Protein chains: 2
Amino acid sequence: MTVIATSSSLGLAAKLSRLLSRELLVAEEKVFPDGEKYLRIPKRLEGDVLLVHSLHQPQDERFVQLLLAVDAAKGAGASRVIVVVPYFAYARQDKRFLEGEPVSVGALLKAVEAAGADALAVVDIHKPSSLDEWLRIPHFNVLPVGELAGYFRGKLRDPVVLAPDKGALHRAQLAAQVLGAEYDYLEKSRDRVTGEVKIAPKSVDVDGRDVLFIDDIISTGGTLVAAAKEVLALGAKRVYAACTHALLVSGALDKLYAAGVEEVVATDTVPSPVSRVSVAEPIAEVVRKLLR
Amino acid sequence: MTVIATSSSLGLAAKLSRLLSRELLVAEEKVFPDGEKYLRIPKRLEGDVLLVHSLHQPQDERFVQLLLAVDAAKGAGASRVIVVVPYFAYARQDKRFLEGEPVSVGALLKAVEAAGADALAVVDIHKPSSLDEWLRIPHFNVLPVGELAGYFRGKLRDPVVLAPDKGALHRAQLAAQVLGAEYDYLEKSRDRVTGEVKIAPKSVDVDGRDVLFIDDIISTGGTLVAAAKEVLALGAKRVYAACTHALLVSGALDKLYAAGVEEVVATDTVPSPVSRVSVAEPIAEVVRKLLR
């Protein structure tokens, strides 16, 4: 098996090639004068191929590159193209919230399959059942909560792990297991007099304790900023935030630190200044299973 | 049938809706803070739908929007989504010129089909057999050479229509029929002494005559600039250029005028300052056939 890297995930692909003891091959990339992308795999391929390509910004350009890379790998002789998309963009538009909307993640997943992918592994996709719903090829969702929580082992005093909403509670539960901590989720409530919307932990008391927020994505960080302020007002000692995919748009990191967050930690699915935890090992595990 | 327009081809879609006497529906579009595109069809659909969406710059963003639009139209109740892509990007990468390259146009065509398109009509795609090769759904290639040549009817004196290479000769032949003109193609030759590459008409004499160049795409205009200079040096009276898709990157239009070209004319597949000829009527013809 050969590991193929694009500029999207070069570091992560290199780690994977070392963990799996397989050759790393870097795709040639260029852009034509009219803006069309070009990509070439500079070697004849044999056997299985692991193509690693994440879909962070500019996500549409990277998505087209992904289709080209899958097609190129098939054309270069790969018997199976196992596609690893550490961050799969458009995953939050996973249903028609309003009539007339697309299921964006479905359209993109189907395109990757149509391009010739033989298996797809993603990391912490917003709704894992999207994979079952839209793919016929084998697929895997890697949940790196153990790795993220591990980063905080021994660092927190009397910790509480908080999920931003009930739907994300499983992440908080997993992280709490690793840390031997309590866990809870944030609940929104409206003040009957002022009409103000408040977010606060559902039932756990954070007074005098360290709080670790955990979520799949930090984008603008808006919810997290409000939540950090709230738990600090409720007496929390120190506030930390962990996420899988650090999109960090519109100065999110500055806003989080300004709101009193001690440290923000993310994985390397999206390269960022806070990508201190690698998903290489859990992805390698999935690949080893797949090759067995 | 409803005609659905996106911001990519609003003018052309409006013309089509008038020619076909069908309702025009404009998709809602927005961009999320992290750069992901959103699109919504603001009405429940019934029966067949004609979705018009071109793939000019930024082509990758427009390509993702196309997949979302097809999915949204299907989800909104369309019984058949007939997709019109006036300019289909990535069509020149239509084979593996070098080992390890993708067939980019194939990867993109397959994605459009996988998104749920029931038929695809394109205008003057670089190699029409790409459609047969990569699509299973019904497909149509509209060749607007008659419309482009028609623009020049009565304007040229003793005209010669020239294709930039032998592969594009059919376009010159069609335009020459419309104009009652001679036609030929350009041939490259290398001076045996100086090594200089020259381009000149294969056999026709341009001295004292008007020359009309015709091609599918003008991108940087490099070949055309050299060709215009050459035929002017050979005594051509006036030089005109016509193309289907005016990409016009890197100041192509300025360079063409500076090289002595009198006028550049293109269709409205790609909105441009020289899009003086509409492909609405030939597309409408194809759609009428399809609905019959």
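The values are calculated or read from the model by the stated rules, or taken from the named source; none is laboratory data. Because the structure is predicted, anything quoted here is derived from the model rather than measured. Cβ sites come from the backbone with ideal geometry, for glycine too, and all protein chains shown count toward neighbours. What goes into the accessible areas is simple: the full protein's heavy atoms, side chains included, and nothing from ligands, DNA or RNA. Shrake-Rupley method; radii C 1.70, N 1.55, O 1.52, S 1.80 Å.
So which residues in segment A:49-74 are without any contact (Cβ under 8 Å) to a residue 60 or more places away in the chain and open to solvent by 10 Å² or more (accessible area, probe 1.4 Å), if there are any at all?
A:58, A:59, A:61, A:62, A:65, A:74 - these are the residues of segment A:49-74 that are without any contact (Cβ under 8 Å) to a residue 60 or more places away in the chain and open to solvent by 10 Å² or more (accessible area, probe 1.4 Å).
Within segment A:276-292, count every residue that is surrounded by fewer than 21 Cβ atoms within 10 Å (Cβ to Cβ), assigned to a loop (DSSP other than H, G, I, E, B) and either of a type in the set (Val, Ile, Thr) or at pLDDT below 95 (or both).
1
Go through (1) farther than 22 Å from residue B:123 by Cα; (2) more than 8 Å from chain A (Cβ to nearest Cβ) and name the single condition residue B:51 misses.
The one condition residue B:51 does not meet is (1).
When you check residue A:186 against the structure, is it touching a Leu at 6+ places or on another chain (Cβ under 8 Å) and assigned by TED's automatic domain parsing to the domain that holds residue A:68, yes or no?
no
For segment B:226-243, name all the residues that are open to solvent by less than 30 Å² (accessible area, probe 1.4 Å) and in contact with a strand residue (DSSP E or B) (Cβ under 8 Å, 6 or more places away or on another chain).
B:227, B:228, B:231, B:236, B:239, B:240, B:241, B:242, B:243
Looking at segment B:160-179, is at least one residue over 24 Å from the mean Cα position of the chain (by Cα) and over 22 Å from residue B:269 (Cβ atoms)?
no
Could you check, for segment B:170-180, whether at least one of its residues is open to solvent by 40 Å² or more (accessible area, probe 1.4 Å), within 30 Å of residue B:51 (Cα to Cα) and either in contact with a Ser or Thr (Cβ under 6 Å, 6 or more places away or on another chain) or not aliphatic (A, V, I, L, M) (or both)?
Yes, segment B:170-180 contains a residue that is open to solvent by 40 Å² or more (accessible area, probe 1.4 Å), within 30 Å of residue B:51 (Cα to Cα) and either in contact with a Ser or Thr (Cβ under 6 Å, 6 or more places away or on another chain) or not aliphatic (A, V, I, L, M) (or both).
From the list A:92, A:22, which residue is more than 7 Å from chain B (Cβ to nearest Cβ), of a type in the set (D, E, K, R), surrounded by fewer than 24 Cβ atoms within 10 Å (Cβ to Cβ) and touching a residue at least 60 places away in the same chain (Cβ under 8 Å)? Spell out how you get there, then give the answer.
Numbers: A:22 fails: touching a residue at least 60 places away in the same chain (Cβ under 8 Å).
None of the other options fit; the residue is A:92.
Let me spell it out: the conditions are (1) facing chain B (nearest Cβ under 7 Å); (2) at positive phi; (3) touching a residue at least 24 places away in the same chain (Cβ under 8 Å); (4) not charged (D, E, K, R), and residue A:77 meets all of them except one. Which number is the exception?
(1)
Here are some conditions: (1) free of Cβ contacts under 8 Å to residues at least 24 places away in the same chain; (2) among the polar types (S, T, N, Q); (3) crowded, with 21+ Cβ neighbours inside 10 Å. Residue A:194 meets all but one. Which one does it not meet?
Checking residue A:194 against (1) free of Cβ contacts under 8 Å to residues at least 24 places away in the same chain; (2) among the polar types (S, T, N, Q); (3) crowded, with 21+ Cβ neighbours inside 10 Å, the one that fails is (3).
Residues B:292, B:288: which one is without any contact (Cβ under 8 Å) to a residue 24 or more places away in the chain and farther than 14 Å from residue B:11 by Cβ?
So the residue among B:292, B:288 that is without any contact (Cβ under 8 Å) to a residue 24 or more places away in the chain and farther than 14 Å from residue B:11 by Cβ is B:292.
Scan segment B:110-128 and give yes if some residue there is touching a Ser or Thr at 6+ places or on another chain (Cβ under 7 Å), in contact (Cβ under 8 Å) with a residue 60 or more places away in the chain, away from every other protein chain (no Cβ under 13 Å) and at positive phi, otherwise no.
In the first step, residues of segment B:110-128 are kept if they are touching a Ser or Thr at 6+ places or on another chain (Cβ under 7 Å); the result is B:123-124.
The next check asks that each one be in contact (Cβ under 8 Å) with a residue 60 or more places away in the chain; those that pass are B:123-124.
Still in the running and away from every other protein chain (no Cβ under 13 Å): B:123-124.
Remaining after also requiring at positive phi: B:124.
Within segment B:110-128, one or more residues are touching a Ser or Thr at 6+ places or on another chain (Cβ under 7 Å), in contact (Cβ under 8 Å) with a residue 60 or more places away in the chain, away from every other protein chain (no Cβ under 13 Å) and at positive phi.
What's the number of the only condition in (1) of a type in the set (Ser, Thr, Tyr); (2) more than 14 Å from every other protein chain (Cβ to nearest Cβ); (3) open to solvent by 50 Å² or more (accessible area, probe 1.4 Å) that residue B:223 fails to meet?
(2)
Give segment B:3-17 a look and list any residue that's under 16 Å from the mean Cα position of the chain (by Cα) and either among the small types (Gly, Ala, Ser) or not assigned by TED's automatic domain parsing to the domain that holds residue B:123 (or both), or say none.
B:8, B:9, B:11, B:13
Can you name every residue in segment A:257-277 that is in contact (Cβ under 8 Å) with a residue 24 or more places away in the chain and either touching a helix residue (DSSP H, G or I) at 6+ places or on another chain (Cβ under 6 Å) or of a type in the set (Asp, Glu) (or both)?
A:259, A:260, A:261, A:262, A:264, A:265, A:268, A:277
In segment B:27-48, which residue that is in a strand (DSSP E or B) and open to solvent by 10 Å² or more (accessible area, probe 1.4 Å) is farthest from residue B:80 (Cα to Cα)? Lay out the reasoning, then the answer.
Going through segment B:27-48, the residues in a strand (DSSP E or B) turn out to be B:28-31, B:37-40, B:48.
Narrowing the set further to residues that are open to solvent by 10 Å² or more (accessible area, probe 1.4 Å) leaves B:28-31, B:37-38, B:40, B:48.
Working: B:28: 21, B:29: 22, B:30: 25, B:31: 27, B:37: 24, B:38: 22, B:40: 18, B:48: 5 Å.
In this case the residue turns out to be B:31.
Can you find a residue in segment A:102-111 that is touching a strand residue (DSSP E or B) at 6+ places or on another chain (Cβ under 7 Å) and surrounded by fewer than 24 Cβ atoms within 10 Å (Cβ to Cβ)?
The initial filter retains those residues of segment A:102-111 that are touching a strand residue (DSSP E or B) at 6+ places or on another chain (Cβ under 7 Å), namely A:102.
Subset that is surrounded by fewer than 24 Cβ atoms within 10 Å (Cβ to Cβ): none.
No; the residues of segment A:102-111 include none that is touching a strand residue (DSSP E or B) at 6+ places or on another chain (Cβ under 7 Å) and surrounded by fewer than 24 Cβ atoms within 10 Å (Cβ to Cβ).
Looking at the structure I just gave you, is residue B:280 aliphatic (A, V, I, L, M), touching a residue at least 40 places away in the same chain (Cβ under 8 Å) and under 30 Å from residue B:50 (Cβ atoms)?
Taking the combined requirement at face value, the residue satisfies it.
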